[in-house]
Amino acid sequence: MIGLHTLFFTLVALFAFAANSVFCRLALNDEQVDPTVFTAIRLLSAALVLWLAVIVKSGNKTKLSSMGSWRGASLLFIYAACFSFAYLTLNTATGALVLFACVQFTMLSAGILAGKTLSGVEKLGIGISIIGFVYFVLPELSTPGVIGLLLMACSGVAWGGYSLLGAGSKSPLADTAGNFIRLAPVSIVGLLFVLTLSFPHLSTAGLLYTLASGVLASGAGYAIWYYVLPKLQPSVAAVSQLSVPIWAALGGVIWVGESVTSHLVTSSGLILGGIVLVLVKRAKNS
């Protein structure tokens, strides 16, 4: 049974993941901040927070060269960049649903490609999720939002690959910090490039939302998640992340003024419900 302490920090981490979508939508809403600037500041501020978290946890004993990898940093960059540009056209709930669905699809596909045999229940769950995803995407194919869907799908695939890469990490917090830190030079160059060639609008509110995404939702959120992750069963950790689109949708309604349609609710139920079937079945077999 999960203790109250673990439950509290698990919920905080999940809310932080959902807040990333909300902060991004708020920052990009009405062009308060350029998506490139948002990505750069988010990565830089998160890198600082995670670096401080590593120092607090292990002092100066951990060397940067042993933290993370360039492969992980590359996947992290694809995730963050596509995430920002996708939210130019997607609402909060839609983006979060596509992101986390594609993360799970990527991780499940990796297992299948590795030769993992699927049970009847797992095949049923995957089938339900695919039907739900097709049902969700079809109306969007004739709208400008299709570009955003493709970008968010790329973001989800990258994050799924990043998760698979870090699954065997003995120090996930340090490795994540190292990956963010490796992207710091790229973020600085990108930020200077945009500021030199143009004068992107950056309101005070936009900057605060961007920093909140980097410092709180990304940096602190990941630090808390990796603190609580060893206390959770893998199946519980996987299923709990599927609640993020729901929290993101509620955040979009409350803070961004978005609406939740019956089409979104139905497709979300099919997609997330199918994935839950797979995860629960695997948990019983493990």
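Overview of results
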| quantity | calculated |
| --- | --- |
| Contacts under 8 angstrom Cβ, first residue in the stretch 144-162 being free of Cβ contacts under 8 Å to residues at least 12 places away in the same chain, partner acidic (Asp, Glu) and open to solvent by 10 Å² or more (accessible area, probe 1.4 Å), 6 or more apart | Val146/Glu140 |
| Close pairs (6 angstrom Cβ cut-off, 6 or more residues apart or separate chains): over 11 Å from Trp225 (Cα atoms) in the stretch 7-19, open to solvent by 10 Å² or more (accessible area, probe 1.4 Å) anywhere | Ala18/Trp247 |
| Matching helices (runs of 4 or more DSSP H) fully within the stretch 183-286 where at least 1 residues are at pLDDT 90 or above, open to solvent by less than 30 Å² (accessible area, probe 1.4 Å) and of a type in the set (Ser, Thr, Tyr) | 184-197, 204-211, 221-228, 262-285 |
| Any chance Leu138 is out of contact with any Leu (no Cβ under 7 Å at 6 or more places or on another chain), part of a helix (DSSP H, G or I) and farther than 30 Å from Gly68 by Cβ | yes |
| Set Lys170, Lys123: member being in a loop (DSSP other than H, G, I, E, B) and of a type in the set (Lys, Arg) | Lys170 |
| Restricting the stretch 121-130 to residues that are touching a residue at least 24 places away in the same chain (Cβ under 8 Å) and more than 23 Å from the chain's Cα centre (by Cα), the residue that is least open to solvent (accessible area, probe 1.4 Å) | Glu122 |
| Residue within the stretch 140-149 that is at pLDDT below 90 and among the charged types (D, E, K, R) present | yes |
| Any pair with Cβ under 6 angstrom, 6 or more apart, that starts in the stretch 70-91 at a residue that is of a type in the set (Val, Ile, Thr) and ends at one that is part of a loop (DSSP other than H, G, I, E, B) and open to solvent by 10 Å² or more (accessible area, probe 1.4 Å) | Thr89/Pro144 |
| Subset tally (residues that are part of a helix (DSSP H, G or I), acidic (Asp, Glu) and in contact (Cβ under 8 Å) with a residue 40 or more places away in the chain) for the stretch 20-39 | 1 |
| Output for the stretch 103-120, where each listed residue is surrounded by 12 or more Cβ atoms within 10 Å (Cβ to Cβ) and assigned to a helix (DSSP H, G or I) | Val103, Gln104, Phe105, Thr106, Met107, Leu108, Ser109, Ala110, Gly111, Ile112 |
| Checklist (1) open to solvent by 30 Å² or more (accessible area, probe 1.4 Å); (2) closer than 18 Å to Val253 by Cα applied to Tyr87, failing item | (1) |
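Residues checked against (1) closer than 20 Å to Leu242 by Cα; (2) within 17 Å of the chain's Cα centre (by Cα); (3) aliphatic (A, V, I, L, M); (4) crowded, with 21+ Cβ neighbours inside 10 Å:
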site	(1), (2), (3), (4)
Thr6	yes, no, no, no
Ala19	yes, yes, yes, yes
Asp34	no, no, no, yes
Ser45	no, yes, no, yes
Leu48	no, no, yes, no
Ile78	no, yes, yes, no
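The values are calculated or read from the model by the stated rules, or taken from the named source; none is laboratory data. Computed from a predicted model, the values in this text were never measured in an experiment. Positions of Cβ are generated from backbone atoms using ideal geometry, with glycine treated the same way; all protein chains shown enter the neighbour counts. Accessible surface is based on the protein model in full, side chains and every heavy atom, while ligands, DNA and RNA are left aside. Shrake-Rupley method; radii C 1.70, N 1.55, O 1.52, S 1.80 Å.
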